Ligand SMILES: C[S@@+](CC[C@H](N)C(=O)[O-])C[C@H]1O[C@@H](n2cnc3c(N)ncnc32)[C@H](O)[C@@H]1O
């Protein structure tokens with residue numbers, strides 16, 4: 001059986017290497033932050049965001065245990081304000097939407113901030129880079145959030161980026177993901 005989680009990491013791994021600058025836009029317990037930190041190494045940088053203080057505490061502990069804290073900047077703020085914190089182009093970014101498993105289900109990502117955050121992340125990624133967005137349509141907000149993200153991306157100019165959706169056809173409420181690849185030859189000046 002295919003695992004979407006494995007496919008996600010395989011796609012990201014093709015774009016992320018030693019010394020890269022990347023972002024985890026939904027830090028949670030820090031599993032994705034750690035994976036990114038291990039890939040970029042000490043010469044790279046991982047910017048990680050979350051609105052929950054516990055997420056920062058748990059992630060800091062995990063990164064320290066694994067010896068990866070040095071290359072990470074943990075930010076206690078909403079991801080839609082990313083331009084306030086990230087002042088350099090990034091190679092890749094991950095959004096793992098929804099709420100923290102085992103945490104407070106009321107603290108979930110919301111379309112009002114997720115959509116501007118994705119828009120800001122698109123502006124931050126270098127040509128040739130990528131973004132991955134994991135979506136959980138099993139709860140109401142996740143379902144609507146996913147639909148709006150897909151509608152927004154379907155309108156983008158393919159000269160700039162290509163957006164792909166990976167889902168299990170016969171499990172319509174199971175998690176799916178969107179992968180965005182940025183054209184390495186695209187120049188922002190080409191934008192009309
Ligand atoms: C599914 S969890 C992320 C799991 C995480 N990537 C991991 O590896 O453990 C979603 C996280 O998004 C966070 N979140 C919700 N709204 C946010 C926002 N506006 N900005 C940043 N993080 C947000 C939640 O607090 C939660 O920790």
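The values are calculated or read from the model by the stated rules, or taken from the named source; none is laboratory data. A quick note: this is a predicted structure, and the numbers were derived from the prediction, not measured. Note that we place each Cβ from the backbone using ideal geometry, even for glycine, and neighbour counts take in every protein chain shown.
Summary of computed values
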{"item": "Scope region 91-101; condition closer than 15 Å to residue 26 by Cβ and either loosely packed, with under 15 Cβ neighbours inside 10 Å or more than 8 Å from the ligand (Cβ to nearest atom) (or both); matching residues", "result": "92, 93, 95, 101"}
{"item": "Unmet criterion (only one of (1) in contact with a strand residue (DSSP E or B) (Cβ under 6 Å, 6 or more places away or on another chain); (2) more than 17 Å from residue 79 (Cα to Cα)) for residue 96", "result": "(2)"}
{"item": "Boolean, residue 116 is surrounded by 14 or more Cβ atoms within 10 Å (Cβ to Cβ), under 18 Å from residue 28 (Cα atoms) and modelled with pLDDT of 95 or more", "result": "no"}
{"item": "Unmet criterion (only one of (1) surrounded by fewer than 13 Cβ atoms within 10 Å (Cβ to Cβ); (2) in contact with a strand residue (DSSP E or B) (Cβ under 8 Å, 6 or more places away or on another chain)) for residue 155", "result": "(2)"}
